[in-house]
Amino acid sequence: MQLNDFSNKAGEWMSGTGPESDLVISSRIRLARNLAGESFLSRADSNVRARVTTQIHEALEGLETEIGSRYSDLDELGGIDRHVLVERHLISREHAFGQGDRGVAYNANEDVAIMVNEEDHLRLQVLRSGLQLDATWETMNRVDNFLEEALDYAYDPKYGYLTVCPTNVGTGLRASIMLHLPALVMTRQVDKVFQAVTKIGLAVRGLYGEGTQALGDFYQISNQITLGKSEADILETIRSVIPQVMDYERTVRRTLLDTKRTVLEDKVWRAYGTLCTARIISSKETMEALSLVRLGINLEVLSEIDLRTVNELFVLTQPGHLQKMEGVELESIDRDIARARFIRSYLEFAE
């Protein structure tokens, strides 16, 4: 897949077709790995980074037949292209705008991505639409085993896989579920839920991970501890907590329908009307409106568009994608105008 293809569709993980997709946007598993005998990137010079890139690149060529991945050198990409990769959750912001040899491999469905020289030498990522932790782990395990055959990972019999950040030592595994929780946000109960979640060692982050805001009422819940826990332990913790959060969100949604249906319907239809008619709209306002529309679709308040269209708009209306489609860097006001124009066209085509 070429980067130019990104401007007109979202990845398969945003399709809204997976289990529990009314609440769960995606399941993600990430592994951190480093190469034995090479300095961690926090101490690596340009020669080390180049050697690591060469070794991993050669291993990824063998993986191409497994997942159909392609490799992009981030230093060869422009700023807009790197923004696009961040908005599609294929790389982190730090990776996009870092320094030195680094790259990313990803497949056509965008459900497998491999970052080279991010914080660690390797960051493996698998994404699936909806609640699919087991299927996500199966793919990740296959990809990791394949690469471990080709690469000598830094591993200690006592501590496990060695990583730059001590919190990743051990399995190096982070499992996360991205949830859409508009009812809990609307009723101001979301903080209570997350206080309970953090007490059992889980982390809550925004749309783009650590240090980011919960735009569009999206939250990522993931494990914080990897050392001393097996992959099965980590997955079981996530697997046991997420259904409770989902049940709470669904209960609040039903309560809103029963007690404040007209108010809720008004919010949904106003949001949809804004998206259909606005001439200038910011990214934040777009995310808020799309969140309400997505809620309306799942509660059968709104049937004019489908879930996939809304999910795609969450990605395609981001600044990088808009500028990619326009073919030029845009000032903030010009992005807001282009965004409004694109949304009107996209919704009209989807009807």
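Yes/no per residue for (1) assigned by TED's automatic domain parsing to the domain that holds GLY18; (2) surrounded by 15 or more Cβ atoms within 10 Å (Cβ to Cβ); (3) within 22 Å of the chain's Cα centre (by Cα); (4) in a strand (DSSP E or B):
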{"position": "ALA175", "(1), (2), (3), (4)": "yes, yes, yes, yes"}
{"position": "MET178", "(1), (2), (3), (4)": "yes, yes, yes, yes"}
{"position": "ALA183", "(1), (2), (3), (4)": "yes, yes, yes, no"}
{"position": "THR198", "(1), (2), (3), (4)": "yes, no, yes, no"}
{"position": "ARG205", "(1), (2), (3), (4)": "yes, yes, yes, yes"}
{"position": "SER222", "(1), (2), (3), (4)": "yes, yes, yes, yes"}
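Sub-6 Å Cβ pairs linking a first residue in the stretch 9-29 that is of a type in the set (Gly, Ala, Ser) to a second residue that is modelled with pLDDT under 90, at least 6 apart or interchain, are SER26/TRP13, ordered by first then second residue.
ASP120 meets the conditions (1) crowded, with 23+ Cβ neighbours inside 10 Å; (2) modelled with pLDDT of 95 or more; (3) under 26 Å from MET287 (Cβ atoms) in every case but one. The failed one is (3). Of everything in the stretch 253-279 that is part of a helix (DSSP H, G or I) and aliphatic (A, V, I, L, M), the residue that is surrounded by the fewest Cβ atoms within 10 Å (Cβ to Cβ) is VAL263.
Against the conditions (1) modelled with pLDDT under 95; (2) part of a helix (DSSP H, G or I); (3) buried (at least 18 other Cβ atoms within 10 Å of the Cβ), ARG294 satisfies every one except (1). Counting residues in the stretch 107-115 that are in contact (Cβ under 8 Å) with a residue 12 or more places away in the chain, in contact with a strand residue (DSSP E or B) (Cβ under 9 Å, 6 or more places away or on another chain) and surrounded by fewer than 15 Cβ atoms within 10 Å (Cβ to Cβ) gives one or more. Is at least one residue of the stretch 90-100 closer than 16 Å to GLY172 by Cα, assigned by TED's automatic domain parsing to the domain that holds SER46, touching a residue at least 12 places away in the same chain (Cβ under 8 Å) and surrounded by fewer than 23 Cβ atoms within 10 Å (Cβ to Cβ)? Scanning the stretch 90-100, I find no residue that is closer than 16 Å to GLY172 by Cα, assigned by TED's automatic domain parsing to the domain that holds SER46, touching a residue at least 12 places away in the same chain (Cβ under 8 Å) and surrounded by fewer than 23 Cβ atoms within 10 Å (Cβ to Cβ), so the answer is no.
Quick grid of which residues meet (1) in contact (Cβ under 8 Å) with a residue 24 or more places away in the chain; (2) closer than 30 Å to ALA59 by Cβ; (3) among the polar types (S, T, N, Q):
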| position | (1), (2), (3) |
| --- | --- |
| TYR155 | yes, yes, no |
| ARG174 | yes, yes, no |
| LEU184 | yes, no, no |
| PHE218 | yes, no, no |
| SER222 | yes, yes, yes |
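Of everything listed in (1) closer than 26 Å to GLU94 by Cβ; (2) surrounded by fewer than 21 Cβ atoms within 10 Å (Cβ to Cβ), the single unmet condition for GLU138 is (1). For the stretch 247-283, residues that are touching a residue at least 60 places away in the same chain (Cβ under 8 Å) and among the aromatic types (Phe, Trp, Tyr) total 1.
The set of residues from the stretch 317-348 being closer than 11 Å to ILE280 by Cα and hydrophobic (A, V, I, L, M, F, W, C) comprises ILE333, ILE337, ALA338, ALA340, PHE342, ILE343. Conditions: (1) more than 18 Å from GLY16 (Cβ to Cβ); (2) buried (at least 20 other Cβ atoms within 10 Å of the Cβ). ASP247 meets all but one. Number of the miss? The one condition ASP247 does not meet is (2). Scanning the stretch 45-75 for residues that are surrounded by fewer than 15 Cβ atoms within 10 Å (Cβ to Cβ) and either among the hydrophobic types (A, V, I, L, M, F, W, C) or in a loop (DSSP other than H, G, I, E, B) (or both) returns ASP45, ALA50, GLY68.
Selection over the stretch 303-329 of residues that are in a loop (DSSP other than H, G, I, E, B) and either within 22 Å of LEU90 (Cβ to Cβ) or of a type in the set (Lys, Arg) (or both) gives a count of 4.
Output the number of residues of the stretch 76-104 satisfying the condition of being part of a helix (DSSP H, G or I) and under 22 Å from the mean Cα position of the chain (by Cα). Here the count works out to 13.
The values are calculated or read from the model by the stated rules, or taken from the named source; none is laboratory data. Please read all numbers here as calculations on a predicted model, not as lab measurements. Every residue, glycine among them, receives a Cβ derived from its backbone with ideal geometry; neighbour counts consider all protein chains shown.
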